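The values are calculated or read from the model by the stated rules, or taken from the named source; none is laboratory data. If you're wondering where the values come from, they're calculated on a predicted model, not measured in any experiment. As a convention, Cβ positions derive from the backbone with ideal geometry for all residues, glycine included, and neighbour counts pool all protein chains shown. The accessibility values were calculated without ligands, DNA or RNA, using every heavy atom of the protein model including side chains. Shrake-Rupley method; radii C 1.70, N 1.55, O 1.52, S 1.80 Å.
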Amino acid sequence: VQLQASGGGLVQAGGSLRLSCVAPPDHFSIYAWAWYRQAPGKQRELVAGIGRGGETTYRDPVKGRFTISRDDPRNAVYLQMNLLKPEDTAVYFCNRFILTPSTSWGQGTQVTVSS
């Protein structure tokens with residue numbers, strides 16, 4: 001299943017964006033979910049994850065600036081991004097926290113932060 005992220009855009013450094021992702025309803029609540037990003041020329045990396053009980057984990061460079069949340073009744077995962085930096089520029093994807101070789105990816109949403 002490919003998940004479609006939305007909410008990206010062009011923002012100045014210091015600005016904010018809120019990304020959204022709606023997943024298929026099948027068993028949404030039993031999975032941990034995550035946001036990933038891929039900058040040009042770099043590998044895709046985990047940005048933030050959220051467990052079934054709401055526990056969260058963040059990549060060090062985004063700690064204190066990004067907040068991941070989930071809304072199980074809406075089958076949605078969000079990423080609130082504050083104090084954005086140019087190095088946050090990337091395509092952002094949402095997916096399950098646990099990836100497998102058969103995991104498929106949606107198109108992602110572009111986030112561009114200008115200095």
Quotient of C-alpha Rg and 2.2 N^0.38 Å, computed over the chain: 0.99
Estimated distance in nm for a label pair at Trp105 and Ala76, the labels positioned 7 Å out from Cα along Cα-to-Cβ: 2.5
Surface accessible to a 1.4 Å probe, Asp72 within the full protein complex, Å²: 50
Label-point separation in nm, Ser114 to His27, each point 7 Å along Cα→Cβ: 4.5
Per residue, in Å², the accessible surface of the chain once ligands and nucleic acids are set aside, probe 1.4 Å: 55
Within a Gaussian network of the chain (alpha carbon springs, distance under 10 Å), most fluctuating of Ser69, Ser20, Ser29: Ser29
Simple Cβ-charge dipole of the chain, Lys/Arg +1 and Asp/Glu -1, about Cα centre, in debye nearest 20: 120
